[in-house]
Amino acid sequence: MKLVLIRGAGEMASGTAHRLHAAGYSIIMTELPRPLAVRRGVAFAQAVFDGRAEVEGVVAVHVRTLAEAMILCRQEKIAVLPGEIAGENLALLQPVALVDARLAKENLGTRIDEAKVVIALGPGFTAGVDAHGVIETNRGHDLGRALYTGAAQANTGNPGDIGGYREERVLKSSAPGIFSSGLAIGDLVAQGDRFGEIDGRPIPAPINGIVRGLLMGGTWVRAGTKLGDVDPRGIREYCFTISEKARAIGGGVLEALLHLEGGVDR
C-alpha cells in the first residue's frame, strides 16, 4: 500500500486527494472537528458532518481511529479523520508522503523531516526548508507548478476572477457569531437576497448567481471567516465538480510526488 497523508480536506486538498487516488495511492486526510470548508460539494471534509462524502465517484468516510482509516484504505476509499496525526502515530503509518493542503497561508507546524516526502501547498512554505516540494496555488501562469527550491508566491488576498467578479462574489463575516443559512449549494440567488445570517443579522447575496460555496450552518465564526461564494456563471454542475484550480494543484502534487519518490519504473 502506498499511503499518503493529507492535512486538510477542503476544496484544494480534496482535488489533490482525488487525483492521487486515481493514480493508485491510498489516502488518509485529517480535518478540524468542525471543518470550515465552504466548497462542500467538492470537499471530502463534508464526511465529518455526514459520515460520508462523494466527489466525482470517489468516496470518503469519516473515521475515528487510525485502525478504521487503514481498513478503509484497503477498501479503496478515502479516510477522513478529525484531529491531527503526528509524532509516533505518523511514524507508525510510514506514509510515502505527507501533503500539507490546509492553505492556511502559513506553516502550522509541518516539518520536512516528518516523512520521506513532504509536499506543501501555497504560501508559508519554502522548498528545501519546510518541505521537499511546494506547489504554487496562486492563479496565473505558474498555478500548479512544483517548486523544489524557493517559496510559493505570497498571499495576494484577492479571489480569482470568475465571470468578471473577484471580491464581490465572496462573502466573509463582518463580526463573530453563529452562522446559519436557509440556502443550499446549487441554489440560485439574486443580488440582495438573504444569503444567511450571523446571530440574526442578515447577510445579503452580493451578486446574481448560484451558491457554489456555503459554510455549514451552525458554525461559530470569527470576523473575516469565509462564509461562501456566489458563482455568476450560474452553472449548477460547477458546484459539484472539481475546479480547474484544484485539478492543476492536484496535478502539481502528483508530479512532485513522483519526482521526489524517484519516478516510475521504466
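The values are calculated or read from the model by the stated rules, or taken from the named source; none is laboratory data. As the structure is a prediction and not an experimental result, all values here were calculated from the model. Every residue, glycine among them, receives a Cβ derived from its backbone with ideal geometry; neighbour counts consider all protein chains shown.
Restricting attention to the stretch 138-147, which residues are free of Cβ contacts under 8 Å to residues at least 60 places away in the same chain and either in a loop (DSSP other than H, G, I, E, B) or of a type in the set (Val, Ile, Thr) (or both)? Don't jump to the end; show me each part of the working.
Within the stretch 138-147, the first condition is being free of Cβ contacts under 8 Å to residues at least 60 places away in the same chain, and the residues that meet it are 138, 140-142, 147.
Answer for the stretch 138-147, where residues must be free of Cβ contacts under 8 Å to residues at least 60 places away in the same chain and either in a loop (DSSP other than H, G, I, E, B) or of a type in the set (Val, Ile, Thr) (or both): ASN138, GLY140, HIS141, ASP142.
Give the stretch 185-215 a look and list any residue that's closer than 16 Å to ILE235 by Cβ and aliphatic (A, V, I, L, M), or say none.
Looking only at the stretch 185-215, we keep the residues that are closer than 16 Å to ILE235 by Cβ, and these are 185-189, 207-213.
Once the filter is applied, which keeps residues that are closer than 16 Å to ILE235 by Cβ and aliphatic (A, V, I, L, M), the stretch 185-215 yields ILE185, LEU188, VAL189, ILE207, ILE210, VAL211.
If we keep just the residues of the stretch 163-193 that are touching a residue at least 12 places away in the same chain (Cβ under 8 Å) and of a type in the set (Lys, Arg), which is nearest to ALA205 (Cα to Cα)?
For the stretch 163-193, the residue satisfying everything is ARG169.
For LEU260, which of the numbered conditions (1) more than 20 Å from the chain's Cα centre (by Cα); (2) farther than 27 Å from ALA120 by Cβ fails to hold?
Of the numbered conditions (1) more than 20 Å from the chain's Cα centre (by Cα); (2) farther than 27 Å from ALA120 by Cβ, the odd one out for LEU260 is (2).
So if I check each of ALA69, ALA17, ALA23, which one is of a type in the set (Gly, Ala, Ser), surrounded by fewer than 19 Cβ atoms within 10 Å (Cβ to Cβ) and out of contact with any Asp or Glu (no Cβ under 7 Å at 6 or more places or on another chain)?
Sole residue among the options that is of a type in the set (Gly, Ala, Ser), surrounded by fewer than 19 Cβ atoms within 10 Å (Cβ to Cβ) and out of contact with any Asp or Glu (no Cβ under 7 Å at 6 or more places or on another chain): ALA23.
Return yes or no: is ALA9 at pLDDT below 95, surrounded by 14 or more Cβ atoms within 10 Å (Cβ to Cβ) and small (Gly, Ala, Ser)? So that I can check it myself, show each step before the final result.
Working: at pLDDT below 95: no; surrounded by 14 or more Cβ atoms within 10 Å (Cβ to Cβ): yes; small (Gly, Ala, Ser): yes.
No, not satisfied.
When you scan the stretch 212-222, do you find a residue that is touching a residue at least 60 places away in the same chain (Cβ under 8 Å), assigned to a loop (DSSP other than H, G, I, E, B) and closer than 28 Å to VAL117 by Cβ, even just one?
Within the stretch 212-222, none of the residues are touching a residue at least 60 places away in the same chain (Cβ under 8 Å), assigned to a loop (DSSP other than H, G, I, E, B) and closer than 28 Å to VAL117 by Cβ.
Give the residues of the stretch 18-66 that are among the small types (Gly, Ala, Ser) and either assigned to a helix (DSSP H, G or I) or at pLDDT below 95 (or both), sorted by residue number.
Within the stretch 18-66, the subset among the small types (Gly, Ala, Ser) is 22-24, 26, 37, 41, 43, 45, 47, 51, 53, 57, 60.
Across the stretch 18-66, the qualifying residues are ALA22, GLY41, ALA45, ALA47.
Residues checked against (1) out of contact with any Cys (no Cβ under 8 Å at 6 or more places or on another chain); (2) without any contact (Cβ under 8 Å) to a residue 60 or more places away in the chain; (3) not β-branched (Val, Ile, Thr):
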{"residue": "ASP50", "(1), (2), (3)": "yes, yes, yes"}
{"residue": "ALA53", "(1), (2), (3)": "yes, yes, yes"}
{"residue": "VAL59", "(1), (2), (3)": "yes, yes, no"}
{"residue": "THR65", "(1), (2), (3)": "yes, yes, no"}
{"residue": "ALA69", "(1), (2), (3)": "yes, yes, yes"}
{"residue": "CYS73", "(1), (2), (3)": "yes, no, yes"}
{"residue": "GLU76", "(1), (2), (3)": "yes, yes, yes"}
{"residue": "GLY87", "(1), (2), (3)": "yes, yes, yes"}
{"residue": "LEU90", "(1), (2), (3)": "yes, no, yes"}
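Cβ-Cβ under 7 Å, sequence separation 6+ or interchain: first residue in the stretch 194-210 and closer than 18 Å to ILE178 by Cα and among the charged types (D, E, K, R), partner in a strand (DSSP E or B) and at pLDDT 95 or above. Which pairs?
Within 7 Å, the pairs are ARG194/PRO202; ARG194/PRO204; GLU197/SER180; GLU197/ILE203; ASP199/GLY177; ASP199/ILE178.
Could you count how many residues in the stretch 89-137 are in a strand (DSSP E or B), closer than 18 Å to LEU257 by Cβ and more than 15 Å from the chain's Cα centre (by Cα)?
6
Of all residues in the stretch 164-180, which are within 22 Å of the chain's Cα centre (by Cα) and among the small types (Gly, Ala, Ser)?
Selection gives SER173, SER180.
Does the stretch 257-264 contain any residue that is modelled with pLDDT of 95 or more, closer than 16 Å to ALA101 by Cα and not hydroxyl-bearing (Ser, Thr, Tyr)?
Within the stretch 257-264, one or more residues are modelled with pLDDT of 95 or more, closer than 16 Å to ALA101 by Cα and not hydroxyl-bearing (Ser, Thr, Tyr).
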